[in-house]
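The values are calculated or read from the model by the stated rules, or taken from the named source; none is laboratory data. Treat the numbers as computed from the prediction; the structure is a model and nothing was measured. Virtual Cβ from ideal backbone geometry, glycine too; neighbours counted across all protein chains shown. Ligands, DNA and RNA are excluded from the accessible area calculation, which covers all protein heavy atoms including side chains. Shrake-Rupley method; radii C 1.70, N 1.55, O 1.52, S 1.80 Å.
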Amino acid sequence: MSLGDPNPDTAAALGPVNGRSSQDPAEEESAELPPLKPRDLAKSNRRDSDSEQPLLSAAPEPSSFPSDPSPPPSQCCLPAPGSSIARCCHGGVKMAALAYNLGKREINQHFSVRNAKVLALGAVLLLSACHAVSWGYSRGDATCDYLISSGRFLGENVWQPYSCMMHKYKASEAKSCLADQHVTFVGDSRIRQLFYAFVKIINPYVKEEGNKHADIPFEDKAARLRVDFLWHPEANNSMKQCFQSLRESTTSKPRMVVAGAATWSIKINNGSVESLAQYKVNVTDMAPVLEKMAETSDVYWVLQDPVYEPLISESRKMITNERIDAYNEIAAGILNGTHKKSKSKIRLFSASKLISEETMSDSVDGLHLPESSRDISAMILMNAYCNNIIKPIDGSCCQSTPPLTLIQKLAACFFALSIVGYASLTLIQRNQHRKSKTCSDIESGEEKKPATATPAASNLEILLASLCKLGIIMAYFYFCDRANLFMKENKFYTHSSFFIPIIYILVLGVFYNENTKETKLLNREQTDEWKGWMQLVILIYHISGASSFLPVYMHVRVLVAAYLFQTGYGHFSYFWLKGDFGIYRISQVLFRLNFLVVVLCIIMDRPYQFYYFVPLVTFWFMVIYGSLAIWPQIIQKKANANYLWHLGLMLKFSFFLLCICFLSYSQGSFEKIFSLWPISKLFELNGSVYEWWFRWKLDRYAVFYGMLFAFIYLALQKRQVLSEGKGEPLFSTKVSNVLLFVSVVSFLTYSIWASSCKNKTECNEMHPSVSVVQILAFVLIRNIPGYARSVYSSFFAWFGKISLELFICQYHIWLAADTKGILVLIPGNPMLNIIVSTFIFVCAAHEISHITNNLAQILVPKDNSALVKRLLCMAGFFFGLLFLSAFQN
């Protein structure tokens, strides 16, 4: 049953983004296979339904062609049921149709989910090997080198270092990183510009004033940090003595030194060859001093930025890019250690040169750096020094791999034992199977067969196989987002990066359409479709960084509210119609919703609230369950016998709404409730429940709206007010037209309002109350016309069945740095990288969906006594996690 399916004969709704049924998943997926002819049935039965499932369900083919004599050539037969191909009576056309359907089935046999997953596994192994060979396992130093030496512009002012993410530091972060530290800039006017840009990160209100050709000090007494600029415009003996003094200083030895000079030497000596030779002698003389300084300080030599020659004044005409390149070549050859046995500890800062090549035309005088260029260069320096200290989530450059926690080590051992156990069990079974094979009787020559058929897979085998697969997938998760094996890049939003993929998936969704099995409002296929296209939009929203565009942000907020609306609708429908409040039901739902998140919390070392949507859905499911399960339990059967029970249900709804309003306007009470141990361990993020308060408050009414809508719909359905037949409008023609008009106007009105919001704070204040307008408008537009209710997109529905896994897995194996960046498996080709990473990501999510189903069948038994024992074991497991977490902290 999908999230919104109220049919009591189907399985229960299991969550807003994962409406899988509790049936065997193989049964559920086999419905997508095209029907086979009788002669193919035996071969089909030998195939596993999941392994041969086509990636997208195809239009079913006719099971057989009629054996009646063909009508005259001028006549054509009607299409077969469910097929868009008319079985024309001409023999050639009939054979073409047959060949088309057989070819389509053949493609589905080879391009199956199992084959796709094998291909994805091969791609992962190949890419992992390539990255390991190219970069090595620990890439902290390598990303630092790339940060200061390479990169490209994503936009006018957005710099992307090669292979890693650059964090934009705020003043508070910079002060925290540089507390009790001393930073020194040594050089000419260009280095002075870099000094001011660096200082303005710490204090944005600093003004560039004073004698420009003199030393400039900066101090923040509160943070106890110093940043000095020392005026030494030429690489000569004076600069060497300066470095010697800094190295021998006993009072305040600098932790970072940034130096560079060349343009003054070119200008003073009119670009002579002798000046270039003297520069080489001077740099060679300074190199040993800088090397010794680099043993205790981070030393950066800034290569000279190019000039914009059309703007250069007459007095500086001798400063040409050709001469600058010559000076840079000498400095790089001497200082980077290429001619030495060991690599130099002095770091060449050449990213500034690359940045200036793109921005120097904006310079005021053609020589000095434009503001955008120097700000980016200063931020690069801040990242190079601070990332491994502050460890920002969205700053992967210069960060070393975090050490494994005790819980992660235990988890790795557990999965390793599971893999060994499964391999051992497989070898034992193969050995037994080999012994039980048929053998020939030497005397009679007759073949003897085993007495019994091969038994079905045992629970132990399924358990070990599932854990083995899960362990391999979790290793991929870890290497993608915790180790430094793969690259990461920052997001950059453009309208085309969001809207073009949206149009593309919309076309695919419309192309793959089929008839629904039933035509009820929010039927199973339709809710799967709804979840599927919403999830795809959210994925595109996340990877494109579209949260920076307010209209898109507000519409995606409606999609999140719609998931919660489905939670209220689906779970209320189930409890109202079936009255099943048993422990098995609640255990199944909680297991399916939380299994993957709990595993990721352990493997990725993240708190439960980090995956905010699953805690949100779990909380609201428990609220729905509690509100309907507590005395008096009111279900449809009881309410139909006595209509006074409807009044009781309305009182429950009113109390439910009152509690929501109270908690939403009393932040203190809310935080007191969720700060109690052990509840606080579930909802705290960075030591506070504020994030949980914000997320809860943002869509606080969506579940209530879903429950109320379900009650009204089921009441109207019970009284046969609705017409839900195939092709019939939901209401009378007049009422349907009026409701459709109102719905379209409401839908557009919300979009106009969302696009006119001034800021997120203002929009978020209104969102909880008005988001239901667009949700209800969509539901009515989608369901009032009978023809719209009778078809669905199999493309979107396929993704809807694994939407929970897609939502969670994106955090680590599609996005990167806990959703702050983008995972880069194939550098240098963004389009190919997205295609490959998306393919692997979808295959992993689909496999996790089936693993969860298999484990739910084993770990959550229907027998109450066995289930209680399992629940006690799980409770002990979670208390053990709490203890280990407290111990390692």
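For Val307, the residues 5 or more places off, or on other chains, whose built amide H falls under 5 Å of its own are Asn321.
For the range 134-272, a simple Cβ point-charge model (Lys and Arg +1, Asp and Glu -1, everything else neutral) yields a dipole of about 140 debye relative to the Cα centre.
For the range 680-801, the relative contact order works out to 32 percent when only alpha carbon pairs closer than 8 Å and six or more residues apart are counted.
Diffusion coefficient of the range 723-765 by Stokes-Einstein, Kirkwood radius over Cα pairs, 10 °C, 1.306 mPa s: 126 µm²/s. Accessible area ranking (1.4 Å probe, heavy atoms, ligands and nucleic acids excluded), largest first, for Arg592, Arg430, Arg316: Arg430, Arg316, Arg592. Taking H placed 1.01 Å from N in the peptide plane, check which residues at least 5 places from Trp231 or on another chain put their amide H under 5 Å from its amide H. Distant-sequence amide H within range of Trp231: Asp215, Ile216. Measuring between their Cα centroids, the range 648-669 and the range 797-833 lie 38 Å from each other. Compute the relative contact order of the range 203-260 as a whole-number percentage, counting only Cα pairs closer than 8 Å that sit 6 or more residues apart in sequence. Normalised by residue count, the contact order of the range 203-260 is 19 percent.
Each label point was placed 7 Å from the Cα along the Cα-to-Cβ direction; for Tyr584 and Gln888 their separation is 3.6 nm.
Packing here is the average count of other Cβ atoms within 10 Å per residue, and on that basis the peptides 257-263, 205-211, highest first, run 257-263, 205-211. Taking amide H as placed 1.01 Å from N in the peptide plane, the amide H of Leu348 sits under 5 Å from that of Trp301, each at least 5 places away or on another chain. Protection proxy ranking for 530-536, 376-382, using the average of other Cβ atoms within 10 Å per residue and placing the highest first: 530-536, 376-382.
Remark: the range 708-764 carries 62 Å² of accessible area per residue (probe radius 1.4 Å; ligands, DNA and RNA excluded). Per-residue SASA remark: His368, around 40 Å² accessible (1.4 Å probe; ligands, DNA and RNA not included).
Each of Lys200, Lys672, Lys212, Lys353 has its accessible area taken with a 1.4 Å probe; listed largest first, they run Lys672, Lys212, Lys200, Lys353. Note on exposure: Ser150, Ser134 ranked by accessible area (1.4 Å probe, complete protein assembly) read Ser134, Ser150, with the most exposed listed first.
Other residues within the sphere of radius under 10 Å centred on the Cβ of Phe683, judged by their own Cβ, net out at -1 (K and R +1, D and E -1). Backbone geometry of the range 508-515 corresponds, through the Karplus equation with coefficients 6.51, -1.76 and 1.60 at θ = phi - 60°, to 3J(HN,Hα) couplings of 4, x, 6, 5, 8, 10, 9, 7 Hz, x marking Gly and Pro.
Each residue was assigned an accessible area with a 1.4 Å probe, and for Asp180 the value is about 90 Å². Across the range 132-219, Cα-Cα pairs farther apart than 20 Å form 54% of the total. Tally up the carbon and sulfur contribution to the accessible surface of the range 756-889 as a whole percent, 1.4 Å probe, everything protein left in place. Exposed carbon and sulfur together represent 69 percent of the surface.
Across the range 807-824, coupling constants 3J(HN,Hα) worked out from phi with the 6.51/-1.76/1.60 Karplus curve, θ = phi - 60°, read 5, 7, 5, 4, 4, 10, 10, 10, 7, 8, 6, 6, 6, 6, x, 10, 6, 10 Hz, and Gly and Pro carry x. Taking every C-alpha pair closer than 8 Å and separated by at least 6 residues, the mean separation divided by the residue count of the range 561-666 gives a relative contact order of 31 percent.
Using a probe of 1.4 angstrom and keeping all protein chains present, the accessible surface of the range 250-373 works out to 48 square angstrom per residue.
Note on the range 827-889: Rg/Rh from Cα positions, Kirkwood definition for Rh, rounded to two decimals, is 1.26. Shape verdict for the range 571-671, please, from the Cα gyration tensor: rounded (a/c under 1.5), prolate (a/b greater than b/c) or oblate. Here the range 571-671 falls in the oblate category.
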